Amino acid sequence: MSASSDDGLLPWLEAPLAQALHGTRGHALLLHGMQGVGQFELALTVAAAWLCEGDDPAARPGGRACRGCAACRLIAARTHPDLMVLVPEALQEALGWSGSDEAADGEGGKSKAKPSREIKVEAVRAAVAFAQQTSSRGGAKVTVIYPAERMNPASANTLLKTLEEPPGRARFVLASAAPQRLLPTVRSRCQSLRVPLPAPDVAAGWLAARQVAQPEVLLAAAGGQPLEAHERLALGVDAPAWLRLPREVLAGQAATLATWPLPIAIDALQKLCHDALAIAVGALPRYFPADGLPAGGDVARLTDCSADLRRAARHAEHPWNAGLGVEALVLRVRAALRPGKEGDAQHSRRPSLATLK
Ligand SMILES: [Zn+2]
């Protein structure tokens with residue numbers, strides 16, 4: 001099976017791309033879907049199609065970019081003068097986009113402290129100014145914003161005026177995994193297009209083509225999000241580690257989890273709790289194979305434990321002792337997973353999570 005089309009587009013993005021290119025008319029598009037399905041890739045593909053100058057319809061199936069014209073070459077080199085890509089500083093390296101120079105220079109630029117996880121107002125101001133300039137190549141002026149929910153309120157308000165009255169040939173593609181966190185006024189000015197989760201066989205095939213072992217296991221672990229599954233592999237979340245996790249947690253061991261970044265370790269524990277709860281109420285687990293999960297967990301204890309984990313997740317980026325935190329959480333989950341009296345006893349002297357408050 002072909003892992004992707006000729007232009008490298010993720011195979012499950014074909015249908016949403018066709019919709020974006022033919023089913024939308026506005027000047028602003030909001031692509032939204034779960035994390036890890038490729039909204040950013042789709043946003044760039046749409047922007048490239050809008051900017052392509054190729055005039056041979058045969059080279060542009062479905063109105064896509066031809067990848068051969070001068071504009072397409074400039075996009076590939078990331079130097080197209082009519083394309084601006086806004087991503088938070090903290091994501092620029094991972095996404096391979098350094099963003100615009102003006103955008104990166106806001107508030108003293110990169111030299112200071114931690115790279116920002118937000119799309120700052122300076123960056124959006126630069127995008128607004130960019131949209132108002134005359135097109136360098138005579139076509140559209142396209143701004144891609146991802147993840148759009150990372151615009152802080154000042155950023156979103158700055159963009160709003162331009163979204164309401166777009167100058168000349170300005171067009172916007174916003175991409176987001178959390179559209180509910182966008183200002184309603186920003187959302188309402190965009191034409192919305194949902195990027196669905198890929199079919200499991202398509203996603204697993206894509207992972208298998210990347211030499212990922214046991215792709216179904218990792219796909220389930222990532223909630224069906226193939227890009228997420230692929231990214232996590234680089235952090236040590238492989239299939240054998242995932243499959244031994246329930247056993248380790250039941251034994252009170254944090255050996256595997258302690259090697260993962262804390263937010264990912266907490267996410268794994270949340271998924272374990274979720275699946276144990278599913279089994280406790282007679283439903284099917286979603287993230288782990290059923291035969292690796294303990295039976296007989298108590299619904300009330302598991303619900304309680306899930307709430308603790310949600311709290312821990314909110315604090316997971318804080319610089320407290322990560323190793324210690326994971327161990328306390330593993331004991332907490334173990335107590336909730338164990339059946340009957342033993343679990344109750346564990347529960348009554350559960351580890352203190354005071355450090356998480
Ligand atoms: Zn082209």
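Filter the helices (runs of 4 or more DSSP H) completely within the stretch 298-357 down to those with at least 2 residues that are at pLDDT 55 or above.
Passing ranges, in order: 299-314, 322-337.
Which condition does residue 244 not pass, out of (1) farther than 30 Å from residue 42 by Cβ; (2) open to solvent by less than 30 Å² (accessible area, probe 1.4 Å), if it passes all the others?
(2)
For residues that are surrounded by 18 or more Cβ atoms within 10 Å (Cβ to Cβ), assigned to a helix (DSSP H, G or I) and not polar (S, T, N, Q), scanning just the stretch 22-45, find the one that is nearest to the ligand (Cβ to nearest atom).
The residue in question is 44.
Against the conditions (1) near the ligand (Cβ under 9 Å from one of its atoms); (2) in contact (Cβ under 8 Å) with a residue 40 or more places away in the chain; (3) aliphatic (A, V, I, L, M); (4) within 27 Å of residue 185 (Cα to Cα), where does residue 48 fall short? Just the number, please.
If we test residue 48 against (1) near the ligand (Cβ under 9 Å from one of its atoms); (2) in contact (Cβ under 8 Å) with a residue 40 or more places away in the chain; (3) aliphatic (A, V, I, L, M); (4) within 27 Å of residue 185 (Cα to Cα), just (2) comes out false.
Which one of these is of a type outside the set (Gly, Ala, Ser) and open to solvent by 40 Å² or more (accessible area, probe 1.4 Å): 57, 16, 11? Let's see the steps before the verdict.
Values: 16 fails: open to solvent by 40 Å² or more (accessible area, probe 1.4 Å); 11 fails: open to solvent by 40 Å² or more (accessible area, probe 1.4 Å).
Matching residue, one of 57, 16, 11: 57.
Does residue 103 satisfy the criteria of being hydrophobic (A, V, I, L, M, F, W, C), modelled with pLDDT under 95, away from the ligand (no atom under 16 Å from the Cβ) and assigned to a loop (DSSP other than H, G, I, E, B)? Break it down stepwise before answering.
On the way: hydrophobic (A, V, I, L, M, F, W, C): yes; modelled with pLDDT under 95: yes; away from the ligand (no atom under 16 Å from the Cβ): yes; assigned to a loop (DSSP other than H, G, I, E, B): no.
No; evaluated as a whole, the condition is false for this residue.
Looking for whichever is assigned by TED's automatic domain parsing to the domain that holds residue 304 and within 21 Å of the chain's Cα centre (by Cα) here; the options are 245, 272, 250. Which one fits? Reasoning before the result, please.
On the way: 245 fails: within 21 Å of the chain's Cα centre (by Cα); 250 fails: within 21 Å of the chain's Cα centre (by Cα).
So the residue among 245, 272, 250 that is assigned by TED's automatic domain parsing to the domain that holds residue 304 and within 21 Å of the chain's Cα centre (by Cα) is 272.
Could you grab me the full set of residues in the stretch 163-215 that are out of contact with any Cys (no Cβ under 8 Å at 6 or more places or on another chain), open to solvent by less than 60 Å² (accessible area, probe 1.4 Å) and part of a helix (DSSP H, G or I)?
Those that are out of contact with any Cys (no Cβ under 8 Å at 6 or more places or on another chain), open to solvent by less than 60 Å² (accessible area, probe 1.4 Å) and part of a helix (DSSP H, G or I): 179, 185, 186, 202, 203, 204, 205, 206, 207, 208, 215.
Just to be sure, is residue 282 among the small types (Gly, Ala, Ser) and open to solvent by 60 Å² or more (accessible area, probe 1.4 Å)?
Numbers: among the small types (Gly, Ala, Ser): yes; open to solvent by 60 Å² or more (accessible area, probe 1.4 Å): yes.
Yes; evaluated as a whole, the condition is true for this residue.
I want to confirm something. Restricting to the stretch 64-96 and keeping residues that are away from the ligand (no atom under 11 Å from the Cβ) and part of a helix (DSSP H, G or I), which single residue is nearest to residue 119 (Cα to Cα)?
To start, the set of residues in the stretch 64-96 that are away from the ligand (no atom under 11 Å from the Cβ) comprises 77-79, 81-96.
Filter once more, so that each one left must be part of a helix (DSSP H, G or I): 89-95.
Working: 89: 8, 90: 10, 91: 10, 92: 11, 93: 15, 94: 15, 95: 14 Å.
Here the answer is 89.
The values are calculated or read from the model by the stated rules, or taken from the named source; none is laboratory data. In this text the structure is predicted, and so the values were computed from the model without any measurement. Positions of Cβ are generated from backbone atoms using ideal geometry, with glycine treated the same way; all protein chains shown enter the neighbour counts. All accessible areas refer to the heavy atoms of the entire protein, side chains included, with ligands and DNA or RNA removed. Shrake-Rupley method; radii C 1.70, N 1.55, O 1.52, S 1.80 Å.
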